[in-house]
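Trainee: This is the structure I want to talk about, given as structure tokens.
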């Protein structure tokens, strides 16, 4: 007995030591082999590589958006793609907070084959610096030079890192020079409910006085709707870092410039912008902004749109399309229309599509079959792939006219028009937005539904490309990055107090406080960093004089 | 027999009346929000948006439930959760009880050390990332066992067991000890059967913990999405995305799909919660048994 | 050399004999200890990131050391006092109500004689525990708005004459948070006390009844003292959790208007640490909290053991 216990305790002790040491001395290297495996099929520039190899394979694809829902297995189009290319995509979607999932995967080195995240997410730089992503240049050169045919050199240059290589490719990327080729849609419009607006005489709401009196008139005339109070104006939600309606939305609407004489500055200091913020303050003082406006999230707003309680909405029109459709179906005149909202004499400069696009798709060093990954990406971006994603199989749901332009067959077009939801579920087309040829898609895509047309196209004359002002923000673990985060949080607290200030003098005082605090948090350093990046952007886009 | 019981019944006092009324009010308060969710989940989506549905469904429809069940993943999630709850609860309860029994003996060698080690674990942790790395090295990521092994022991539950064990009369063990039975046999054959209330309680806590756990599925399962438990499934349906910024050329339909309809959220919640709520009354008899053992004697 | 073995033998025999006698107990305890070492102590090497400038792409242990930078950052943050005040305020209120009310409920429920009624009440009482805060929060936001359920109720009862948007006022937040949490966990928290009560020897009641003790007296003199051990242990553990908070609940109920009352440590860590991927900062705050909580626990343990006799050790 004694011996056994002794032996047991010794073994345990030894085991503990081993385990402890293993924990302490963790030195697994993070940089995978930099040498690429040999290509299985020949790399040619004239033909896309996927055609040579259509063996079944599964690619694990992470999408950094928790609302994403994949219809890969059920969708008609996606199944067609799987049959054609042999690639089955296993979409991995985080639940709830995307940051946590992404960060744990990065720290734990468990990133899947391909990842798609916001194009300006600071994590991308971190991943590149840590050597966790393959360069698409390397991959294209080694396996599929046709990649260069389907991508834009300008975009590749835009996303190039310090070593001159690019580590991913975006979607929805439109360079300023391509603006004429596409159908410009503006989502940031000032919308009013048509019947209410006409009932108060369709006044001009572009001046502070006109704006306030219109809101007041609406409130007086339509005090309650179905027993619940009318809300004169609805805004986006007040988040920790500000309010979209009162930040970039309003700034762009007023045409506040990003730079003065080639130097960036804090747009929030613009006098026109402040004048309009004060107008909102006055609106609050006049009781035109209910408490709800400050605490509602998108969910509550949708409910209230359905309850017809908003007179006006300084809100992205794409965010209440369901409500709009219901209203339009009931009575087209009771739906929302876009009108000229706050204005200070300058034309609005609504942000159009940018060269940064929306998301970036990258191949990670954990990819099991790098060759097939890049080939699949090339396929998706080619004309053939774009057509397959949008219209499906030729002869089944797709028809091609004499110019080679594809479109939906009558049967499918009817379904698209009458019951979009059904169409989406059947085809699985909608969730496949990660990579495709934007310009071609624009040329082919079906028309915008009638209840959205007025709102979507209202800002067409005012859309400009703000590409050169993008990608200016520093990474997270730097001093400048910390300063930016702190300043954003500060603004998030300041903005509601500004609007709820009791008088213009108090407003000025609060704003002065903000400026001085902002400066102590490191504003100058941040501005210098952004200015430097701005200069780089100008070079990349060939805008330097 | 019945007459005997009748004569023994206490007369109803004011205290009883007040108590019963109080309990009824509590029941109402507790039930109502659940009733609200149920009623709203059975109503038409557009009616729910308009609000004001408090007592009966408006536009009765089962479409929310139908669309939840249409998602085939819900069946695998249920399966995973049920298996996990059963295996996890049984293993954890016995493992924890066994360890706690040993620690409940104040004469145990090294007891103070063990208790200190345990208490520290309740407050200090290395954080999510080192834990994640550990699970990765133990090959528990993307595996069913990530639900079982890291949940085998809970010092908090062990403390509860210890408190109970300490209160048991020493005589229970003495005769067995004299006979020379080893501690494990004593634990298994004598202590456990007598500790039914606490075992049932901890089993309930554990079972509910397993059933309600959504976090593991969110972080520790990546590539094998069929392993997610039902609460992660619910969490995916219900938690709203934090991204707000609209970028040009993002398909507008994507923005609409970002928000799940309220009725679907409610229906999913009812579906994922109902099973365990239904099971509890069957477990409850173990509590009642304990109570009965006492009252029948009278 | 001659003397040594003799001395050793005596002390050796003492300890070794003990271990031999208790070998079964030790064998039963050891797996738990090993488990704790693997799953709790091994990851603790990760706490070092609280003193480093850690990025998620780093291997833990390879980041630059920055000493107490993040600790000072936390203490010197303008939000520090607000955050501490809110966390402690809400936790103390939850301790005062959320700890005591389940005990009262358990005692009262135990006095119900109808077995069936008792069972039904208990089952219903713990139902709210199963609702997730994400869904519950959405409902609360709806009901607490100026056109919601509570306003209609209060106005109907004549308690207020103007609708109040409760979640827009900081002064109501603590009450909302505490009341909703107590509501949700009342029945669930009572389970363990009911189980403890179920373990009380019934003969004690018999003896008391024979001695002429009334209902109230039996409750106070028998039932309550018998579960004091359980109460004490749970109390100590609750005190140790005072710097924590119900993250899910507060995240969903907070907004920009009530943030002066709703910013608690967990939310602060979430905003400044998790969202920005600054795990060093989050870890530093977590470490501060752990040390503080452990101290509180030890104090509470000492106090309780003096007053009542139970102790964790």
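Trainee: Other chains' Cβ within 10 Å of A:120-133 residues: what's the mean?
Mentor: Values: counts 2, 0, 2, 3, 0, 1, 5, 2, 1, 2, 5, 1, 1, 0.
Counting other chains' Cβ atoms within 10 Å and averaging over A:120-133 gives 2.
Trainee: Take every Cα pair under 8 Å in region B:15-61 that's 6+ residues apart, average their separations, divide by the length, and report that relative contact order as a whole percent. Present the calculation step by step, with values, prior to reporting the outcome.
Mentor: Values: 29 pairs, mean separation 15.8, N = 47.
Reported as a whole number, the value is 34 percent.
Trainee: Tell me the mean residue ellipticity at 222 nm calculated for chain A from its helices only (DSSP H runs of n ≥ 4, each -39500 (n - 2.57), averaged over every residue, nearest 500). Kindly include the intermediate steps, with their values, before the conclusion.
Mentor: Values: 23 runs with 244 residues, N = 545.
About -13500 deg cm²/dmol.
Trainee: Would you tell me the mean number of C-beta atoms belonging to other protein chains that fall within 10 Å of each C-beta in A:299-306, as a whole number?
Mentor: Values: counts 10, 4, 1, 5, 6, 5, 1, 7.
Shielding by partners across A:299-306 averages 5.
Trainee: Expressed as an acute angle from 0 to 90° and rounded to the nearest 10, what is the orientation of the C-alpha long axis of helix A:208-221 relative to the principal long axis of chain A?
Mentor: The helix A:208-221 is inclined about 80 degrees to chain A.
Trainee: When Cβ neighbours within 10 Å are restricted to other protein chains, what is their mean count per residue of peptide C:270-283? Display every interim value, and only then the final one.
Mentor: Values: counts 4, 5, 4, 0, 5, 9, 11, 13, 5, 6, 1, 1, 2, 6.
Shielding by partners across C:270-283 averages 5.
Trainee: So, one more: Points 7 angstrom from Cα along the Cβ direction at residue B:174 and residue B:31: gap in nanometres?
Mentor: 5.1 nm
Trainee: Under a GNM of chain C (C-alpha, springs under 10 Å), which listed residue has the highest mean-square fluctuation: C:256, C:48, C:122?
Mentor: C:256
Trainee: Helix A:76-85: angle to the longest alpha-carbon principal axis of chain A, degrees 0 to 90, nearest 10?
Mentor: Around 30 degrees separate the two axes.
Trainee: List the pair-distance distribution P(r) of region A:121-167, using every Cα-Cα distance, as the percent of pairs falling in each 5 Å bin from 0 up to the bin containing the longest distance, rounded to whole percents.
Mentor: Bin by bin from 0 Å, the calculated values are 5, 21, 30, 24, 15, 5.
Trainee: Can you tell which of C:144, C:186, C:157 shows the greatest fluctuation in a Gaussian network model of chain C with Cα springs below 10 Å?
Mentor: C:157
Trainee: Rounded to whole Å and sorted largest first, list the principal axis extents of the Cα atoms in region A:335-450.
Mentor: Computed over region A:335-450, the largest-to-smallest principal extents equal 56, 42, 30 Å.
Trainee: Moving to a separate point now. Cα-Cα pairs above 25 Å in region A:390-523: how many percent? Don't jump to the answer; show the numbers that get you there.
Mentor: Values: 5215 of 8911 pairs.
Tail of P(r) above 25 Å: 59 percent of Cα pairs.
Trainee: Okay, next question. With a 10 Å radius around each residue's Cβ, average the other Cβ atoms per peptide and rank A:433-443, C:200-210, B:152-162, highest first. Write out the running numbers ahead of the final one.
Mentor: On the way: A:433-443: 20.5, C:200-210: 14.0, B:152-162: 22.7.
Going by the mean number of other Cβ atoms within 10 Å, highest first, we get B:152-162, A:433-443, C:200-210.
Trainee: Could I ask something else about it? Rounded to a whole number of µm²/s, how large is the Stokes-Einstein D of region B:15-61 at 25 °C and 0.890 mPa s, given Rh as the Kirkwood radius over C-alpha pairs? If you can, show how the numbers build up before the last one.
Mentor: Working: Rh = 11.9 Å.
In µm²/s, the coefficient is 206.
Trainee: Would you calculate a helix-derived [θ] at 222 nm for chain C, using -39,500 (n - 2.57) for each DSSP H run of n ≥ 4 and dividing by the full residue count, to the nearest 500?
Mentor: On the way: 16 runs with 198 residues, N = 313.
My calculation for chain C gives -20000 deg cm²/dmol from helical runs alone.
Trainee: Let me ask you something else. How big is the Rg/Rh ratio for region C:64-135, C-alpha atoms only, Rh by Kirkwood, two decimals? If you can, show how the numbers build up before the last one.
Mentor: Numbers: Rg = 21.3 Å, Rh = 16.4 Å.
My calculation puts Rg/Rh at 1.29.
Trainee: Got the relative contact order for region B:71-242 handy, in percent, Cα pairs under 8 Å and 6 or more residues apart?
Mentor: Numbers: 143 pairs, mean separation 69.9, N = 172.
It rounds to 41 percent for region B:71-242.
Trainee: Quick one: helix A:370-381 against the long Cα principal axis of chain A, what's the angle to the nearest 10°, folded into 0 to 90?
Mentor: 30 degrees
Trainee: Follow-up. Send over the per residue convex hull volume for region A:187-351, Cα only, as a whole number of Å³. Write down the numbers at each step before the final one.
Mentor: Details: hull volume 18.3 nm³, N = 165.
Normalising the Cα hull of region A:187-351 by residue number yields 111 Å³.
Trainee: Please report the Cα spread of the protein assembly as shown along all three principal axes, rounded to whole Å, starting with the longest.
Mentor: Sorted largest first, the three principal extents are 97, 81, 63 Å.
Trainee: Write down Rg/Rh for region C:177-295, rounded to two decimals, with Rg from the C-alpha atoms and Rh from the Kirkwood relation over Cα pairs.
Mentor: Values: Rg = 21.2 Å, Rh = 17.9 Å.
That ratio equals 1.18.
Trainee: Considering the alpha-carbon set of chain A alone, what are its Rg and its Dmax in angstrom?
Mentor: Just the Cα atoms of chain A yield Rg and Dmax of 26.9, 99 Å.
Trainee: Another one. For a bin width of 10 Å, list the pair-distance distribution of chain C built from all Cα-Cα distances, rounded to whole %.
Mentor: Distribution as computed: 5, 17, 23, 24, 17, 9, 4, 1, 0, 0 percent.
Trainee: Based only on the alpha carbon positions, what is the Kirkwood hydrodynamic radius of region C:97-191, in angstrom? Write out the running numbers ahead of the final one.
Mentor: On the way: mean 1/r = 0.0665 Å⁻¹.
After inverting the mean inverse Cα-Cα distance, the result is 15.0 Å.
Trainee: Using only C-alpha atoms and all pairs of different ones, pull out the Kirkwood radius for region A:472-545 in Å with one decimal. Can you show the working numbers first?
Mentor: Working: mean 1/r = 0.0720 Å⁻¹.
It is 13.9 Å.
Trainee: State the three equivalent ellipsoid semi-axes of region B:147-237, derived from the C-alpha gyration tensor as the square roots of 5 times its eigenvalues, in descending order and whole Å. Before the final figure, lay out each step's value.
Mentor: Numbers: eigenvalues 294, 34, 18 Å².
The three semi-axes for region B:147-237 are 38, 13, 10 Å.
Trainee: Still on this structure, I have one more. Under Stokes-Einstein, with the Kirkwood radius over Cα pairs standing in for Rh, what whole-number D in µm²/s applies to region B:22-114 at 25 °C and 0.890 mPa s?
Mentor: Details: Rh = 18.1 Å.
D = 136 µm²/s.
Trainee: Under 25 °C and 0.890 mPa s, how fast does region B:71-242 diffuse according to Stokes-Einstein, given a Kirkwood radius computed over C-alpha pairs? Answer in µm²/s, whole number. All intermediate terms of the calculation are to be shown ahead of the outcome.
Mentor: Values: Rh = 18.0 Å.
Stokes-Einstein gives a translational diffusion coefficient of 136 µm²/s.
Each value in this text was obtained by applying a stated rule to the coordinates, not by laboratory testing. Since the structure is predicted, the reported quantities are computational estimates derived from the model, not experimental observations. Every residue, glycine as well, gets a Cβ built from its backbone with ideal geometry; the counts of neighbours run over all protein chains shown.
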